[in-house]
Amino acid sequence: MTGMHNTPPDTPRNVMSPFDDSYRLESSGSLGQPQAAPRRSSSGSNSNSGSFGDDHSFGKTPKMATDAAKFESVEMFEHANDLSTSNLQNEASGDDPVPTKRMRFATTRRGMSRKINMGIDRSKTVKWAHDNLKEVFRDEKNIDEAEDAARRNRASEQRRVFFNLPLPQDMLDEEGRPASAYPRNKIRTTKYTPLSFFPKNIFNQFKNFANVYFLVLIILGAFQIFGVPSPGLSAVPLIVIVILTALKDGFEDSRRTILDMEVNNTKTHILTGVDNANVPIDNVSLWRKFKKANTRVLFRFFQWIGEHFTATGKEARKQRKMRELRMKKAGRAMPRNSLESFPSFRGSADYPRTSLDFVRPSLEYDNAPGVEAAEGSTLVDPSMPVRPDCKFKKNYWKNVRVGDVIRVHNNDEIPADIILLSSSDADGGCYVETKNLDGETNLKVRQSLKCSSAIRTSRDITRTKFWIESEGPHANLYLYQGNMRWTDPATGTLNTEPMSISNMLLRGCTLRNTKWAMGVVVFTGDDTKIMLNSGVTPTKKSRISRELNLSVLFNFAFLFILCLIAGCVNGAYYKTNNVSRDFFEFGTIAGNPTTNGFVSFWVAVILYQSLVPISLYISIEIIKTAQAIFIYLDVLLYNAKLDYPCTPKSWNISDDLGQIEYIFSDKTGTLTQNVMEFKKCTINGVSYGRAYTEALAGLRKRQGIDTEEEGQREREGIRIDRSEMIDKLQAIFDNSQFDPERLTFVSKEFAFDMDGASGDTQKKCCEHFMLALALCHTVLVEKDEKDPNRLDLQAQSPDEAALVTTARDVGFALVERRKESVVLEVKGALQEFEILNILEFNSTRKRMSCIIKLPPVDEKSEPRALLICKGADTIVYSRLDPSQNDESLLEKTALHLEQYATEGLRTLCVAQREISWKEYQAWSEKYKVAAEALVDREGELDKVSELIERDLILIGGTAIEDRLQDGVPDSIALLAEAGIKLWVLTGDKIETAINIGFSCNVLNTDMELLVIKSGGEDVADIGHTPETVVMGLTTKYLKERFNMTGSEEELEQAKKDHDVPKSDFAVIIDGEALKIALTGPEMRRKFLLLCKNCKAVLCCRVSPAQKAAVVKLVKTSLDVMTLAIGDGSNDVAMIQSADIGVGIAGEEGRQAVMCSDFAIGQFRYLTRLLLVHGRWCYKRLAEMIPQFFYKNLIFTMALFWYGVHNDFDGSYLFEFTYLTFYNLAFTSVPVILLGVLDQDVSDKISLIVPELYRSGILRLDWNQTKFLWYMVDGLYQSVICYFFPYLVYRRNGIVTNNGLGLDHRFYVGVPVTGIAVIACNVYVLMGQRRWDWFTGLFIILSIAVYFGWTGIWSSSLNSYEFFKSADRVYSMPSFWAVLVIGIFFCLVPRFTFNAVQQMTAPSDVDIVKEMWADGAYDMYPADYDPTDPAQRKIARSFPRASEQYYKGDSESGVARGHGHVHGDNYGASSESVIVEEIPMDTLDKENDKRYYGDSLGPLRPSMQISRHSMGGSGAANVAGPRTSLERTRADMLAANQLDNRYSVERARVSLDLPGVTHAAALMKQRSRQD
């Protein structure tokens, strides 16, 4: 290995980063202590590497695999599936000569019987592999900063954790306490604490410049020099907005606080009695006690609120009271609910675990002292005394510390990141569910360390001494490296066992199918991987709020100009002499004209402050809060199954929902249910199964077929076939595990063939195929908790569960898995099959196999072995024996698989090979050697598997549907019509992602798939390095498909283009290529331009950081609004990077929900959230904000015009209460109701005509141009409001009937205010799209308040100069005349403009509203939702509105007609296709080589599949000329053996791509030998 360094013995200890090239570990003499005994490996081999002075020091670890996984590299994420599928079963132990062997891919455990060379330098190990790590971190210099920041990598901060040992001196401080400070396991995801809420919230609010501005004005107003009549009253608006915002922030944060309390007070079992030297004694200070008291008070307050104001809380309170009463009557006190603060909310640790009775039998253990340790050295020291005082006791998660030993029970969550020491499995294995981390419900295997697997009880663990050398915390969910170190109790030598991620249980995972697991804590709290991936929830601000700052800045500039004019004029006025002022004023307030002008400037700032209205911010907070409440209360967004409504978590960004242009979606758990259903299969050239998939429906829709009618017809046919199949299966044989309700494979023909309807040969073919599915798997069985007679299947992957479930339904039920065998119920009879080996699936092999022992034919012969292999169709076809497989049969199977793939189904092939016992034993020896390899064990095992997984005979193929969530295709189609682009970012493999792409209609058969990858034979001519290949492919696609070069000018043009891409292209890229594509500005720009011009983008095998980097690239480079949606913690980075983050609160975990802005129950709710609520919120706020500026400008500019006549001396035109009530009562409610309740069209029409959403994407409803036009209109109306009343008084000495004058400034202010109030409220009504009695009532009331307040307040003596003003002004006809005329002239320009625009250039909304008035939408029910599968789809056959309004493509807008297209061939193509009804009488049974005995059912001696193809017209002659694939296809279509309703042509691909099944490609693989 290059880059090795030998460390001299006298080299001082180096504490540099282990990722530095010059890093060295401690030498044997670094601590300067006496030598210990010679060290050896755990197997007992001596090491000559040198002596060590301290058993706790770092030593040289055994060499592991050289190809280490890299942080954020694609290799690592390819290994992620390996980790999740490794170690499914326990290694066999006992006296059986041929125990079950399993290839434990990605579980790189050293064999305990192998000697380990302790003399290998540490730099050669995988942990510190110089070459790999150097290359990784050299590459990282070019990674986008967003990806680097998201990683949060502190792996270089290595740590040592000791158990039952004192800490070495270098880990202690001067006072002898632990020097390392680890975070507590108590987590906090909230922004505030009870103590920090007030100061922190106030500080955050006054980060807003507007709040600081208003505070300064209030302070200025407190000085009499500025002439504010009531400083206290002027402070009320700011106080109100601060209090309301604080209450909103507190309410938002309270839910997080409660959830944190629940998590932190969940109970687990911690070992007590053994001192933990890794952390200091937790002495609770007075400050912490004070904080705890505050927390308790807060919690009890929340509890009191819940118990008195919520239905569930009242019920809980009632139950608690009854329980206390029962305990009191029983004479017992209630048990203490909390050790420190408050009770736990999680019941997993507080209630009897009935589920433990149903744990699989292999995980039971005997507590008797007879459990032997695994071969090799063990941690347990029998010479140490037993400590009965050490026991596992219940404690809270928040009290778990680094170095603690904890025990977790079945169905409990893991409280911290722990190293697995042992489990109830004798082999130390356990199963975890990681849905909180990655959204996947399938079980993953974790393996305990071999040296600790014998530990069973607390007494065993107390008789151990060991320490752990661990890397530091980092966010990578799929990588961990460390060493377990201990001194052998028998020989005194130092032993080491390496640890990987397969030996770690991560916080947030749930223990499944394992009675208990025991481990030592290495990471707690914020250091755990789930918390590192969660990060800090960012504070987001909506686009309108950000752009509002520009409008406010404009008003500031305008305000400055007004104040400057006022100051200059006033200063100039005080320079003049010989004016009346000299006789009435005694000097000036400021002393000289210049100072007077300066003071007048600030007086004007106070006077005209409403140009930047504080009431606007109050109104926006009220509106956004109401919008969030309406979203929460929408019953059409409520998921009844989960009892979960749409939950807004960030209330201030709801308007961004109406401007989304790009959606970035995860796949598993977001688009899909992660539930697989077996739909079809092909056996011996015969296709079985009937299904109508989403992909098929999408294909038929593109052909112009009414899929609603066809789907109903197909579903009815499936229902009938299902009933007949169930009746037939129940009549053929007894099946104790058959559940008709769960049957997904529907084929009455298969049931009849199982009864011999098509001949005995086809019957045996079907039986053998299903038996192979029932044997070749790693599925576990456990009893159903509700029905003990039923068995539930627990599988590592949902695909495998679907296969075994279907085999069970048709009579081959798995009832028990033992260590060396499986027990099946075959057609009602129990049969046991001995399993010799299981070669497990991984992403490299793309297949799995099992080897079954067959009994000898007679007493003299040897037994035989049968290998059953299932895997990807291309992989299996490449391993078929050309001489043992009929060409015609292969062609038929390939054509069936091609058809299945066209329907969006995931295809799989099943094959077998019979092996002689001698050949098997020879192979088994090679397997054992590979399984014990310490270097590249996975590669060695893979090579050995290649030796036996060849020369196969095809049995058949399967087709599985990855169930989409309800309404996903319809939702995606609606979003696309709305102009929203959907990109899929998934960590899953390419094949799976492509299948889902076709199923949900993101991809279609008309597209060309542009593949971007970093290597391969088909791209050898493009470049020699991954970087040149990715750059070459991207440049080539841009040039050839779009005639682009990827220049900056093209990017600038792309920013202005918001149309949906017109070309039928899709980009498919994997994680390794994406990493390169995100490197460097030129590469990112070209990649972005390529993706923008494609209709679909699928990024596969990407890391969480890469997801976030893609989102940020699009968001910042194209200046568009983005939304990310996911369900697991691996989606958190993406969710937080997008403008809007949506979490799916499904059954696959809710980690993403905790960090999201909105939480929904299913993907389909996103459509209504965006197209209805998002559009409404955006349009309402886009109209409300300029209306608010407009109404304040009228009132403020009237004061300015008055200043022209008084030299801007700061006197008020209006009575002071008018200044307060204008925004508080006279004009506030109508504009707020506009922002809360206005609807241009109903929710039903918003979904029927999704093109209306595009105005938000194009930002037509809110922009600075619109704002400026409203300001111009307000400026014009301010002139009318002031000068019309002024002109009335200027030429006429108006007096009342009693002779009193009306020339007081406050009296002139009454009509000015009246015109402004009425004109503003009517102006709001003109801007509303929906008029109803409610908003109309409040507009009338607001106007009435103006008249009423004037009369009431002027009747009081406290009004002083304003006394009796209403009586005088209202009695004058001139007041009413100027009021009416002024209002008319204020509104006539806007009214005229609106009327002319609607008649000459109506908007799409105008046209749609006219259509609605004409009854075009009457056939749709009020609650119509096209994404709801329970509702009947109603096709849209009316013409759409004009597209010119959107300045976009006329073909993609609402102007196009969109009616039904019924082809002439529809009647013919709608015939039911029964592909299973194929004559079986022509089979040449005499040449059939299969033999089935009686004792073991269908699995007996020869087991060779017939090489005779079953056809509709007779048997194919093997010796005859080969039939071409095209002729076979034509023959099958003619014989109705293929679906003739549609073409099976798949999407075109630019390069070789897995997951796109072509029959021709499969046939090319048929003779390839590895």
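The values are calculated or read from the model by the stated rules, or taken from the named source; none is laboratory data. Just so it is clear, the model here is predicted, and its values are computed rather than measured. Because the Cβ atoms are built from the backbone with ideal geometry, glycine has one as well, and the counts that use them run over all protein chains shown. In case anyone asks, the SASA skips ligands and DNA or RNA and just uses the protein heavy atoms, side chains included. Shrake-Rupley method; radii C 1.70, N 1.55, O 1.52, S 1.80 Å.
Odds and ends about this structure:
- Just one of (1) of a type outside the set (Gly, Ala, Ser); (2) within 19 Å of CYS1091 (Cα to Cα); (3) in contact with a strand residue (DSSP E or B) (Cβ under 8 Å, 6 or more places away or on another chain) fails for LYS989. It is (2).
- From ALA930, ALA901, residue being open to solvent by less than 20 Å² (accessible area, probe 1.4 Å) and free of Cβ contacts under 8 Å to residues at least 40 places away in the same chain: ALA930
- Residue list for segment 847-892, restricted to those being out of contact with any strand residue (DSSP E or B) (no Cβ under 7 Å at 6 or more places or on another chain), among the charged types (D, E, K, R) and modelled with pLDDT of 85 or more: GLU862, ASP886, GLU887, GLU891, LYS892
- Candidates LEU952, LEU1010, filtered to the one that is within 19 Å of CYS1091 (Cβ to Cβ) and either touching a strand residue (DSSP E or B) at 6+ places or on another chain (Cβ under 8 Å) or in contact (Cβ under 8 Å) with a residue 60 or more places away in the chain (or both): LEU1010
- Of the residues examined, THR986 is not one that is farther than 26 Å from SER1246 by Cβ and surrounded by fewer than 23 Cβ atoms within 10 Å (Cβ to Cβ).
- If the condition is being touching a Phe, Trp or Tyr at 6+ places or on another chain (Cβ under 7 Å), among the small types (Gly, Ala, Ser) and closer than 19 Å to MET754 by Cβ, then segment 806-833 contributes GLY811, GLY828.
- Yes/no for THR1227 being closer than 15 Å to ILE618 by Cβ, open to solvent by 30 Å² or more (accessible area, probe 1.4 Å) and of a type in the set (Val, Ile, Thr): no
- Within segment 848-876, the set of residues being touching a Cys at 6+ places or on another chain (Cβ under 7 Å) and not aliphatic (A, V, I, L, M) comprises SER849, CYS850, LYS870, GLY871, ASP873.
- Any hit, segment 485-506, residues being under 23 Å from the mean Cα position of the chain (by Cα), modelled with pLDDT under 85 and polar (S, T, N, Q): no
- Residue list for segment 210-226, filter: in contact (Cβ under 8 Å) with a residue 40 or more places away in the chain and either of a type in the set (D, E, K, R) or open to solvent by 60 Å² or more (accessible area, probe 1.4 Å) (or both): ILE225
- Taken over segment 518-574, the criterion of being aromatic (Phe, Trp, Tyr) and either surrounded by fewer than 23 Cβ atoms within 10 Å (Cβ to Cβ) or part of a loop (DSSP other than H, G, I, E, B) (or both) is satisfied by PHE554, PHE556, PHE558, PHE560, TYR573, TYR574.
- Looking only at segment 1344-1376, and only at residues there that are without any contact (Cβ under 8 Å) to a residue 60 or more places away in the chain and among the aliphatic types (A, V, I, L, M), the one that is farthest from TYR1323 (Cα to Cα): LEU1357
- Residue-level check: of (1) open to solvent by 40 Å² or more (accessible area, probe 1.4 Å); (2) in contact (Cβ under 8 Å) with a residue 24 or more places away in the chain; (3) farther than 30 Å from LEU771 by Cβ; (4) touching a Leu at 6+ places or on another chain (Cβ under 9 Å), THR1034 misses just (1).
- Extreme residue, nearest to PHE998 (Cα to Cα), among residues of segment 904-919 that are touching a Lys or Arg at 6+ places or on another chain (Cβ under 8 Å) and buried (at least 22 other Cβ atoms within 10 Å of the Cβ): LEU905
- LYS1179 being open to solvent by less than 10 Å² (accessible area, probe 1.4 Å), in contact (Cβ under 8 Å) with a residue 24 or more places away in the chain and in a helix (DSSP H, G or I): no
- In segment 156-170, the qualifying residues are those that are among the aliphatic types (A, V, I, L, M) and closer than 15 Å to ARG401 by Cβ, and the one that is nearest to the chain's Cα centre (by Cα) is VAL161.
- Number of positions in segment 1417-1439 that are part of a loop (DSSP other than H, G, I, E, B), free of Cβ contacts under 8 Å to residues at least 24 places away in the same chain and in contact with a strand residue (DSSP E or B) (Cβ under 9 Å, 6 or more places away or on another chain): 1
- Selection status of ASN436, part of a loop (DSSP other than H, G, I, E, B) and in contact with a helix residue (DSSP H, G or I) (Cβ under 9 Å, 6 or more places away or on another chain): no
- In segment 998-1013, the qualifying residues are those that are within 24 Å of the chain's Cα centre (by Cα) and of a type in the set (S, T, N, Q), and the one that is least open to solvent (accessible area, probe 1.4 Å) is SER999.
- Qualifying residue in segment 914-926 (condition: among the aliphatic types (A, V, I, L, M) and at pLDDT 90 or above): yes
- Pick from segment 1378-1388, criterion touching a residue at least 24 places away in the same chain (Cβ under 8 Å) and open to solvent by 40 Å² or more (accessible area, probe 1.4 Å), ranking: nearest to the chain's Cα centre (by Cα): PHE1385
- Residue among ASP942, ASP951, ASP962 that alone is under 35 Å from the mean Cα position of the chain (by Cα) and surrounded by fewer than 23 Cβ atoms within 10 Å (Cβ to Cβ): ASP942
- Output for segment 227-241, where each listed residue is in a helix (DSSP H, G or I) and either open to solvent by 20 Å² or more (accessible area, probe 1.4 Å) or not hydrophobic (A, V, I, L, M, F, W, C) (or both): PRO231, GLY232, LEU233, SER234, VAL236, PRO237, ILE239, VAL240
- Residue, most open to solvent (accessible area, probe 1.4 Å), within segment 637-650, restricted to residues that are modelled with pLDDT of 90 or more and part of a loop (DSSP other than H, G, I, E, B): TYR638
- The requirement of being over 26 Å from GLY1143 (Cβ atoms) and open to solvent by less than 10 Å² (accessible area, probe 1.4 Å) is fulfilled nowhere in segment 651-660; no residue meets it.
- Among the residues of segment 739-775, those identified as touching a strand residue (DSSP E or B) at 6+ places or on another chain (Cβ under 9 Å) and open to solvent by 10 Å² or more (accessible area, probe 1.4 Å) are THR744, GLU749, SER758, GLU767.
- Residues that are open to solvent by 10 Å² or more (accessible area, probe 1.4 Å) and either part of a loop (DSSP other than H, G, I, E, B) or under 18 Å from CYS681 (Cβ atoms) (or both), drawn from segment 809-819: ARG818, LYS819
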